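Student: I am attaching a structure below and will ask some questions about it afterwards.
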Amino acid sequence: MTIRFDGRVAIVTGAGNGLGRCHAIELAARGAKVVVNDLGGSRDGSGASSDAAKAVVAEIEKAGGEAIANGADVTNFAQVQAMVDEAKAKWGSVDILVNNAGVLRDRSFNNVDLPDFSFVVDVHLMGAVNCTKAVWPLMREQNYGRIVMTTSSSGLYGNFGQTNYGAAKMGVIGLMNTLVLEGGKYGIRVNALSPCAATRMTEDLMPENLLELLKPESVTPALLYLVSENGPNRTILTAGAGTYARSIVYETGGMWLSEEDQTPEKIAENWEAISDPSTQKEYTSGNDQTQNMLTKAAEGLGIKL
């Protein structure tokens, strides 16, 4: 099986450097027409330049692909909508959206300034919201869409000094989970990529010998699979240094307590049973959790649902 994107139109945000650049180049190499979006700012989001995006477009065109550069700020919905409109006017559709744009303003929570906290959340979370909102009606109309959120181990598991980044990166998982439920009947699949790669976002966070293993080119195959026609849905795929894995949120089956036992002391007393991993399940909606709780309560009370 060869995964191709002939006839598909893709938007990749933050595509001027690093992961986004690799994503854009490989999508184009496999037949997609690509909007290379990049505001062109520095790692902390300051400044702007179209040079990086134009350089990626030139690289794609030199290899025989089709691409256009776009400098829309993902935090500005009007600019994002104009970008989507441009892609539709030029190529007729938008089939793939890769929400990759990001910034870092790392500081411990005690020292972080709230404006810096809000800015990081705005770029990562609201940037993904804006871009997805702009393509959503089009994807519903054409009954096809592939959307990827870029999450991070900082959100899934935590990382010192990155409360703002971690909060935003976990936020896109919640966004993904609900979009999956709303987009399913319209042929829209939404997934998340959790990359570990050597980019300008991570260049001073790891020793050089480790960074050499974490090539962005090793992450992009995971992205290509997620946006492919027969790719998965509601999946968090991690990728780095040639290793690929799934991150899955589970919930234990839990334990029902009678009304008289619904106390913090009884929770403490039964903590081992409540935490028993042998009963864990992967839920696909919030209703699954509610159903489990009601079922256990009904069994405990001896009533039928």
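The values are calculated or read from the model by the stated rules, or taken from the named source; none is laboratory data. As the structure is a prediction and not an experimental result, all values here were calculated from the model. Don't worry about glycine lacking a Cβ; one is built from the backbone with ideal geometry, like all the others, and counts go over all protein chains shown. For accessibility, only protein heavy atoms count, side chains too; no ligands or nucleic acids. Shrake-Rupley method; radii C 1.70, N 1.55, O 1.52, S 1.80 Å.
Student: Suppose we filter the range 180-200 for residues that are in contact (Cβ under 8 Å) with a residue 40 or more places away in the chain, part of a helix (DSSP H, G or I) and either acidic (Asp, Glu) or open to solvent by 10 Å² or more (accessible area, probe 1.4 Å) (or both); how many remain?
Tutor: 4
Student: Going by the structure shown, is GLU260 under 30 Å from ASN233 (Cα atoms), among the acidic types (Asp, Glu), loosely packed, with under 12 Cβ neighbours inside 10 Å and modelled with pLDDT of 95 or more?
Tutor: Here the answer is no, as GLU260 does not meet what is asked.
Student: Evaluate the following for GLY64: is it farther than 19 Å from ALA168 by Cα, in a loop (DSSP other than H, G, I, E, B) and without any contact (Cβ under 8 Å) to a residue 40 or more places away in the chain?
Tutor: Against the criterion (farther than 19 Å from ALA168 by Cα, in a loop (DSSP other than H, G, I, E, B) and without any contact (Cβ under 8 Å) to a residue 40 or more places away in the chain), GLY64 qualifies.
Student: Residues to consider are THR199, THR150, THR163; find the one that is modelled with pLDDT under 95 and among the polar types (S, T, N, Q).
Tutor: THR199
Student: Residue pairs, Cβ under 9 Å, 6 or more apart or interchain, first in the range 31-49 and closer than 16 Å to ARG146 by Cβ and at pLDDT 90 or above, second among the basic types (Lys, Arg) and outside any strand (DSSP E or B). List them.
Tutor: Close Cβ pairs satisfying both conditions: GLY31/ARG4; GLY31/ARG8; ALA32/ARG4; ALA32/ARG8; LYS33/ARG8; LYS33/LYS90; VAL35/LYS90.
Student: Further question on the same structure: Out of all the residues in the range 56-66, is one or more surrounded by fewer than 17 Cβ atoms within 10 Å (Cβ to Cβ) and at pLDDT below 95?
Tutor: No.
Student: When you check LYS169 against the structure, is it crowded, with 16+ Cβ neighbours inside 10 Å and either in a helix (DSSP H, G or I) or touching a Ser or Thr at 6+ places or on another chain (Cβ under 6 Å) (or both), yes or no?
Tutor: Yes: the conditions hold for LYS169.
Student: Given the structure, is ASP276 over 30 Å from LEU179 (Cβ atoms) and under 31 Å from the mean Cα position of the chain (by Cα)?
Tutor: The answer is yes for ASP276.
Student: Within the bounds of the range 149-161, is there any residue that is touching a residue at least 12 places away in the same chain (Cβ under 8 Å), open to solvent by 20 Å² or more (accessible area, probe 1.4 Å) and among the polar types (S, T, N, Q)?
Tutor: yes
Student: Would you point out which residue out of ALA241, ALA245 is surrounded by fewer than 13 Cβ atoms within 10 Å (Cβ to Cβ) and of a type in the set (Gly, Ala, Ser)?
Tutor: ALA245
Student: Only one of PHE109, PHE117, PHE5 is open to solvent by less than 40 Å² (accessible area, probe 1.4 Å), among the aromatic types (Phe, Trp, Tyr) and out of contact with any His (no Cβ under 8 Å at 6 or more places or on another chain); which?
Tutor: PHE5
Student: If you go through the range 202-217 one residue at a time, how many are more than 17 Å from the chain's Cα centre (by Cα) and either open to solvent by 90 Å² or more (accessible area, probe 1.4 Å) or modelled with pLDDT of 90 or more (or both)?
Tutor: Residues that pass the stated criteria total 9.
Student: Also: Which of the residues belonging to the range 227-246 are part of a strand (DSSP E or B) and among the basic types (Lys, Arg)?
Tutor: If the condition is that a residue be part of a strand (DSSP E or B) and among the basic types (Lys, Arg), then ARG246 is the only one that fits.
Student: For the range 276-305, what are the residues that are closer than 18 Å to ASP261 by Cβ and either among the charged types (D, E, K, R) or touching a residue at least 24 places away in the same chain (Cβ under 8 Å) (or both)?
Tutor: Of everything in the range 276-305, those that are closer than 18 Å to ASP261 by Cβ and either among the charged types (D, E, K, R) or touching a residue at least 24 places away in the same chain (Cβ under 8 Å) (or both) turn out to be ASP276, MET293, LYS296, ALA297, GLU299, GLY300.
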